[in-house]
1. For the chain, taking Cα atoms only, what is the radius of gyration to one decimal and the Dmax to the nearest whole Å?
2. Taking the Cβ of residue 160 as the centre, find all other residues whose Cβ is under 10 Å away and add up their charges (Lys, Arg: +1; Asp, Glu: -1).
3. Which residue fluctuates the most in the chain, going by a Gaussian network model with Cα springs under 10 Å, if the choices are 11, 263, 299?
4. Quick query: amide H of residue 124 versus all other amide H atoms, modeled in the peptide plane; which residues come in under 5 Å with a sequence gap of 5 or more or a different chain?
5. Using the heavy atoms of the protein chains alone and a 1.4 angstrom probe, what is the accessible area of the chain per residue in square angstrom?
6. Work out the charge dipole of the chain with +1 on the Cβ of Lys and Arg and -1 on the Cβ of Asp and Glu about the Cα centre, then indicate which of 246, 133, 217 is farthest towards its positive end.
7. Per 10 Å bin, what is the whole-percent P(r) computed from every C-alpha pair distance within segment 20-170?
8. State the percentage of accessible surface on segment 265-408 attributable to carbon and sulfur atoms; use a 1.4 Å probe and exclude ligands, DNA and RNA.
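The values are calculated or read from the model by the stated rules, or taken from the named source; none is laboratory data. All values reported here derive from a predicted model rather than from experimental measurement. Don't worry about glycine lacking a Cβ; one is built from the backbone with ideal geometry, like all the others, and counts go over all protein chains shown. Accessible surface is based on the protein model in full, side chains and every heavy atom, while ligands, DNA and RNA are left aside. Shrake-Rupley method; radii C 1.70, N 1.55, O 1.52, S 1.80 Å.
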Amino acid sequence: MAAERLFKDKSVVVGVTGGISAYKTVTLCSRLVKAGATVDVILTDAAEEFVRPLTFQALTHRPVITEMFSLLQETEIGHVSLGKKADLMIIAPATANSLAKLTHGLADNMLLTTALACRSPILVAPAMETGMWENSATCANMKTLEERGVNVVGPADGHLASGASGAGRMSEPDEIFNAARKILSRREPLNGFRIVVSAGGTREVIDPVRFIGNRSSGKMGYALAQAASDRGADVVLIHGPTALQNPYGVRDVGVESAEQMRSAVLKAVESADALIMTAAVADYRPVTAAKQKIKKRESGLSLDLVRTTDILAEVAENRTENIRLKAVFGFAAETESLLAHAREKLTRKQLDFIVANDVSASDSGFSVDTNRVTLIDSAGEANELPLMQKQEIAEIIIDRLAGFIKPQ
Ligand code: CTP
C-alpha cells in the first residue's frame, strides 16, 4: 500500500485536547501505526477525561505523554526533542481553547510546548460547537494559523455532542489520515509537478436512457492518481462515471462522453508535465443522440456510429507547442497479440511509454484489483511484470514517469 511507503519510519506526534471526539483519535492512531509510523501521543489533562492514556499506549506500543508522566520521563522523552524529531504533528481534536493558545504561542502544557518547539508541519483537526467555530475570535485565530502554514482539516458539518447539528464536528479519522498523507507527500520527488491522469470508461449517449459504454472500472487510473499524489505531484484526475472514491487531495474532473474527456484533457495538459491516459475512451459514438427513448419494434435496430477523436494521439501530435509536457504515457487494452498491438500503438500515437494490458483474463484488466502488464518504452524495450495489485503497478509506472519529468 502506497500509504506505507510514506509513513514508514516517520515520527508522528499526535496531540489530543479535551473534546468528545478524542475517541476518534484512537482510530487515527491505529491507522498511523498500521501504516508504519512511530506514533507518540500527548494528552492534555482535559483529554484524559475522555480517553485513558492506556488505550493509546496499547495501540502505539509507546509511552503516552501526560503531564504527570512527562515530568517523570522528561529526560527520556523530552517535549522539546519530540517536537524537533517529529516529521509531523497532528492535533486532533483541536479545541477552540487550544487553537487560541497555539495562535498566541502559549505553552502552558506539554502538548502546546511540543507544538511550539515543533519544526515539522502541524495539522490541526478542529472540533467544537458551531457557535465557537463561527465566533470571530476563532475565525481570526484560524486565519492566523493558516497564514503561518498550519494545515487544517475540517471541521465537518453534522451531529454535535450537544445534540445540535452544524459545523464543528471533527473530521473522520480517515480524512485526517489522508490529510497527513498529503502533507508528508510534499517532501517527495514529484512535488511541484503536475500530472494529468485519465481513468474509467466513457459513455456515448444513444437516447435519454441508453448509452454505449465499456467495462472499465477506473481502478487502474485511480491507483495511478493516488501513487502520483503520494509522490507529491499535483494531480488532475479526469474520469468517466465510476463507483470509486476520489483520492484525497487530487483534483477531480468527472466527464461522460469521449468528447467531454477530450476537452478536459486538452485543457488540463496545457499546464501539465505529464499525461497518463488510462481511460477506456469510446472509439465510436452514435451520429445523433435520440431526444426521446427509442421504442422497441418487431424489426431489429441498427445504430449509425462515427469515430471519436483519439485524445492521446492528438496530445502527442501537438506536444511541440507545449514545452512543459515532458511525458505522454498510454495504455493498450488488448485481448490478443498483446505486445505487437501495444508496440504499434506506441509508434502510431508517438508515445514515450505504453503499458500493454492483457484484459482477457479474469484476474487482469477490467474491474478487478489485480493486473498483468508489460511496460514498453519508446526504444521498444519491454519489461513484463507478473500478476500484481494495481496499486503496486501504479507505483512502478509512476517511478518510470519520474525518470522522464524530473531533471536528473
Ligand atoms: N485513447 C484515447 N482516445 C481514444 C481512444 C483511446 O486517448 N479515442 C487512448 C487510451 O486512453 C489508451 C490508448 O489510447 O491510452 C489506447 O487505447 P486502446 O483502447 O487500447 O486502443 P485504441 O487506440 O482505441 O485502438 P483499438 O480499440 O483498435 O485497440
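1. Rg, Dmax (Cα atoms, Å): 25.3, 87.
2. Details: positive: 169; negative: 129, 157.
Summing Lys/Arg as +1 and Asp/Glu as -1 gives -1.
3. Sorting by GNM fluctuation, first place goes to 299.
4. 91, 151, 152, 153
5. Working: 19190 Å² over 408 residues.
Accessible surface, normalised per residue, equals 47 Å².
6. So the residue we want is 217.
7. 11, 41, 37, 11, 0
8. On the way: 3890 of 7970 Å².
Reported share for carbon and sulfur atoms: 49 percent.
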